[in-house]
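*Asks:* Submitted below is the structure of interest, expressed as structure tokens.
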Amino acid sequence: MTTPSDDGARTAVDDRPVVLADDTTRAWSPRTARARFREGLAIPTAGVAAGYAQANLVSVPADWAYDMLLFCQRNPRACPLLDVTDAGSTSTVLASDADLRTDLPRYRVWEDGELVDEPTDVRAYWRDDLVSFLIGCSFTFEWALAAAGVPLRHVEQGRNVPMYRTTWQCRPAGRLSGPMVVSMRPVPPEHLDAAIRESGLMPAVHGAPVHCGDPAALGVDDLDRPDFGDRVEPEPDDIPVFWACGVTPQAAVMASRPPFALTHAPGRMFVGDARDEQFRVL
């Protein structure tokens with residue numbers, strides 16, 4: 001059991017450095033990955049089932065679903081929608097055999113905007129009125145970055161990608177509002193153009209960076225203290241590069257305090273059956 005902090009962001013256990021994907025987990029099929037997560041494996045998913053797209057999850061009661069849908073449509077860089085389920089449905093078109101209650105490595109349970117649990121299975125919390133939103137994840141374009149020679153420091157160091165709440169406010173929607181969350185990857189200057197180009201070709205999974213360079217422009221004071229995920233050690237010349245992040249709806253949940261919500265735990269995504277390249281603009 002993890003212990004949420006006062007702001008619901010950092011945890012005492014799950015945001016410490018961890019061993020991520022190895023050659024075995026990279027070679028898994030999406031079906032195998034989901035089966036292992038269903039059994040209780042709770043590792044972050046960067047590099048797992050390499051070559052297949054991943055997605056963020058947020059589930060809200062049906063009377064909040066329009067607000068969430070509008071929030072995603074008004075903030076497409078942070079919340080690019082891949083699927084929206086019917087109320088109560090535990091399946092998704094992203095993987096025909098999947099169960100959204102069991103097939104992610106770890107979840108977060110929210111009550112009135114407060115983090116109350118981080119289980120590996122949310123069947124005990126599931127409600128028949130929940131509408132689930134599957135949102136594109138930047139892990140999906142990491143194959144393209146790697147193929148272009150861009151180093152992935154968090155993968156090299158066996159850590160979850162660092163994520164930060166910014167002072168950039170999302171466009172409100174109904175009762176939902178909150179700041180944009182960004183993921184950060186340190187990029188050597190000679191690879192910066194490739195990182196921007198390759199991610200920009202995949203707008204359905206956040207697309208190009210929203211900012212490169214000084215984190216103060218985002219209102220981020222200390223890169224060594226991410227709000228979610230792990231601290232990553234950059235090389236001396238690396239430039240911090242920031243992408244809009246699908247944890248943004250969790251920041252909106254914390255700010256707007258709906259009575260109930262379920263989300264993925266940051267860095268622990270839904271692994272779907274679609275190939276990464278299917279989201280690449282030709």
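The values are calculated or read from the model by the stated rules, or taken from the named source; none is laboratory data. Since we're looking at a predicted model, the values are computed, not measured. Cβ: placed from backbone, ideal geometry, glycine included. Neighbour counts: every protein chain shown. Areas reflect the complete protein model, heavy atoms only, side chains present, ligands, DNA and RNA absent. Shrake-Rupley method; radii C 1.70, N 1.55, O 1.52, S 1.80 Å.
*Asks:* Could you work out the local net charge near ARG171, counting Lys and Arg as +1, Asp and Glu as -1, over the other residues with Cβ closer than 15 Å to its Cβ?
*Replies:* The answer is +2.
*Asks:* Quick one: what does P(r) look like for segment 199-282 with 5 Å bins over all Cα pairs, in whole %?
*Replies:* 3, 10, 16, 20, 21, 16, 10, 3, 0, 0
*Asks:* With labels modelled as points extended 7 Å from the Cα through the Cβ direction, what inter-label distance (nm, one decimal) is found for ALA35 paired with GLU235?
*Replies:* Placing both labels 7 Å along Cα→Cβ, they lie 3.9 nm apart.
*Asks:* While we're here: Applying the Karplus parametrisation 6.51 cos²θ - 1.76 cosθ + 1.60 with θ = phi - 60° to the phi angles of segment 75-88, what ³J(HN,Hα) value in whole Hz is obtained for each residue in order, glycine and proline being reported as x?
*Replies:* Calculated HN-Hα couplings, in order: 10, x, 5, 7, 10, x, 6, 9, 6, 10, 8, 6, 4, x Hz.
*Asks:* Right, here's the next one. Within segment 111-125, whose backbone N sits under 19 Å from a point 7 Å along Cα→Cβ of ALA87?
*Replies:* 125
*Asks:* Right, another one. Pop out the carbon and sulfur fraction of the accessible area of segment 130-208 as a percent, whole number, probe 1.4 Å.
*Replies:* The value for segment 130-208 is 57 percent carbon and sulfur by accessible area.
*Asks:* May I pose another question? Give me the 1.4 Å probe accessible area per residue for the chain, excluding ligands and nucleic acids, in Å².
*Replies:* 39 Å²
*Asks:* Another question, then. When the dipole is taken about the Cα centre of segment 179-282, and only Lys, Arg (+1) and Asp, Glu (-1) are charged at their Cβ, what size is it in debye, to the nearest 20?
*Replies:* 640 debye
*Asks:* For an R0 of 35 angstrom, estimate the FRET efficiency from the Cβ-Cβ distance between GLU277 and GLN73 and round to the nearest 0.05.
*Replies:* Calculated value: 0.85.
*Asks:* Also: By the scheme Lys and Arg +1, Asp and Glu -1, what is the net charge of all other residues having a beta-carbon under 13 Å from that of ARG127?
*Replies:* Net charge around ARG127: -2.
*Asks:* If R₀ is 51 angstrom, what is the calculated FRET efficiency for the pair ASP214 and ALA27, using the beta carbon separation as r and rounding to 0.05?
*Replies:* Working from the Cβ atoms, E equals 0.85.
*Asks:* Taking a temperature of 10 °C and a viscosity of 1.306 mPa s, what whole-number D in µm²/s does Stokes-Einstein yield for the chain with Rh from Kirkwood over alpha carbon pairs?
*Replies:* Calculated translational D: 86 µm²/s.
*Asks:* Next question, about the same structure. Taking the Cα centre of the chain as origin and charging only Cβ (+1 Lys, Arg; -1 Asp, Glu), how large is the dipole, in debye to the nearest 20?
*Replies:* The calculated dipole for the chain is roughly 460 debye.
*Asks:* Just to confirm a number: summing +1 for Lys and Arg and -1 for Asp and Glu over residues other than GLU198 whose beta-carbon lies under 15 angstrom from that of GLU198, what do you get?
*Replies:* Net of charged neighbours comes to -2.
*Asks:* Length gain on complete extension for the stretch ALA124 to ARG171, per 0.36 nm per residue less the alpha carbon to alpha carbon distance?
*Replies:* Extending this stretch completely gives an extra 13.6 nm.
*Asks:* With a point put 7 Å past each Cα toward its Cβ, work out how far GLU156 is from ASP99 in nm, to one decimal.
*Replies:* 4.1 nm
*Asks:* Taking amide H positions as placed in the peptide plane 1.01 Å from N, state which residues far from ASP230 in sequence (5 or more) or on other chains have amide H under 5 Å from it.
*Replies:* Close amide H contacts, sequence-distant or interchain: ASN160, VAL161, MET163.
*Asks:* I'd like the FRET efficiency for ASP112 and GLU190, computed as 1/(1 + (r/R0)^6) with the beta carbon distance as r and R0 of 51 Å, rounded to 0.05.
*Replies:* Given R0 = 51 Å and the Cβ-Cβ separation, E is 0.60.
*Asks:* Once you've got the GNM for the chain with C-alpha springs shorter than 10 Å, pick whichever of VAL181, VAL84, VAL247 has the biggest mean-square fluctuation.
*Replies:* Per the Cα network of the chain with a 10 Å cutoff, VAL84 tops the list.
*Asks:* OK, next. From the helices alone, meaning DSSP H stretches of at least four residues, give me the mean residue ellipticity at 222 nm for the chain, per-run term -39500 (n - 2.57), in deg cm²/dmol to the nearest 500.
*Replies:* -5000 deg cm²/dmol
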